[in-house]
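The values are calculated or read from the model by the stated rules, or taken from the named source; none is laboratory data. This is a predicted model, so every value here is computed, not measured. Ideal geometry is used to build each Cβ from the backbone, glycine not excepted, and the neighbour counts take in all protein chains shown. For the accessible areas, the whole protein counts, side chains as well, though only heavy atoms, and no ligand, DNA or RNA atoms are used. Shrake-Rupley method; radii C 1.70, N 1.55, O 1.52, S 1.80 Å.
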Amino acid sequence: MVTAYNVALFLHIVGAVTLFIAMGLVQRVGTQMRGAGNLDELRLCLRLVRTTGTMYPVALGLLLLTGLYMAGTAWSFETPWVVVGIVSLLVISGVGGGFVGRRFGGIGRDAGAAGSLSADLVRRVREPKLWAAATMLNGLAMGVLWLMAVKPGLIHSLVVVVALALMGAVAGTSASRRREPVSQT
């Protein structure tokens with residue numbers, strides 16, 4: 001029997017899958033962006049990253065709306081992992097749109113208007129803060145997946161999401177220092 005909760009859970013999973021597809025695309029294309037040897041290569045990468053611009057809000061909207069519904073009907077807004085999960089999704093939304101998305105948007109606008117790949121544009125593409133933030137969001141999202149699977153108490157919930165977010169930030173900072181060429185054999 002199909003229930004409203006089952007439908008909400010399905011859409012919640014669709015939101016999670018969509019979020020991870022968008023995050024994976026940003027990370028993979030980010031590697032290519034940092035290694036871009038000319039402006040055309042960078043512009044191609046930015047066009048690919050731009051495709052995630054609608055994926056993120058759809059994914060986060062599905063996750064939040066269905067999560068709120070399921071928390072209100074089957075769980076509680078006082079359940080620690082629910083609260084930590086909701087706050088984590090709000091952080092992903094705020095940092096993702098307010099910092100990472102704006103940085104990519106600015107780089108995209110400047111790359112579109114540029115005549116060549118300037119040193120400033122390269123510096124902005126390789127900025128450690130940008131990649132630390134983008135990858136921190138991946139860790140945070142992995143933490144939320146853990147919460148949904150394990151449904152732990154407050155301390156466990158906080159430790160998991162903070163630890164995975166920090167690991168993501170460290171990985172992103174490290175990745176910002178690696179430069180792989182766009183054309184690989």
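Quick look at the numbers
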item: Positive-pole candidate from V150, A119, V84, dipole of the chain, charges at beta carbon; result: A119
item: For segment 1-75 versus segment 130-162, the gap between their alpha-carbon centres in whole angstrom; result: 16 Å
item: Separation of the I13 and R177 label points, Cα + 7 Å toward Cβ, nm; result: 4.0 nm
item: Solvent-accessible area per residue, Å², over the chain with all protein chains present [probe radius 1.4 Å]; result: 52 Å²
item: Distance (nanometres) between label positions extended 7 Å along Cα→Cβ at S76 and F20; result: 3.0 nm
item: Probe 1.4 Å - accessible area at L11, Å² to nearest ten; result: 60 Å²
item: Lys/Arg +1, Asp/Glu -1 at C-beta; the chain dipole; positive extreme among Y69, G94, L39; result: L39
item: Carbon/sulfur fraction of accessible area - the chain, other protein chains in place, 1.4 Å, %; result: 69 percent
item: Mean shadow area of segment 69-125 over all directions, Cα convex hull, nm²; result: 5.3 nm²
item: Given 11 as the ceiling on other Cβ atoms within 10 Å, longest exposed-site-free region of the chain for trypsin sites (Lys or Arg not before Pro) in DSSP loops; result: 1-176
item: Test item: Cα-centred dipole of the chain, Lys/Arg +1 and Asp/Glu -1 on Cβ, debye; result: 500 debye
item: Given charges at beta-carbon only (K, R positive; D, E negative), |dipole| of segment 35-141 in Debye; result: 280 debye
